[in-house]
Amino acid sequence: MKPLGLALIFAFPLALLASGAALAADDSKVKAATDQVERGAKRIPAGEIGEGVGETAKGIGNTVTEGAKYSGEKLKEAGKAAEPPARTAWGDARDGAVSFGHSVKGFFTNLFSR
């Protein structure tokens, strides 16, 4: 009974933590995993301790997995939004010509200023 009690002590707070973290994410797979945690937690007081702890643990794992996938997608979207806009061939050619013009001007300025 003591190992089972310890499992409940650790599993229930983790389930609450996982469900709170998943509520912030707006994704159906994350919500489904959170519901699995809640279903498992509700089975424990109903006398289905082994099944409840098992379903809660699986739900926590699913919540972490789906939450990580969802967070990864959001980070990827944020990274793409932060990228500088794509440059055109004309923009590159113009910048190259300007740079070449500055270097030619600098060459002749140094040549005749001595």
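Computed from backbone phi, the HN-Hα couplings of segment 40-55 come to x, 5, 6, 6, 5, x, 7, x, 9, 5, x, 5, x, 5, x, 5 Hz, rounded to whole numbers (Karplus: 6.51 cos²θ - 1.76 cosθ + 1.60, θ = phi - 60°; Gly and Pro given as x).
Pairs with C-alpha atoms separated by more than 20 Å, drawn from the list Lys42/Lys74; Lys29/Lys76; Lys31/Lys58, are Lys42/Lys74. What does the net charge come to around Lys42 if you take all other residues with beta carbon closer than 13 Å to its beta carbon, with K and R at +1 and D and E at -1? Here the charged neighbours net out to -3.
Quick note: the coordinates plus some simple rules give every number you see, no bench work behind them. Since the structure is predicted, the reported quantities are computational estimates derived from the model, not experimental observations. FYI the Cβ positions are ideal-geometry reconstructions off the backbone, even for glycines, and counts take in every protein chain you see.
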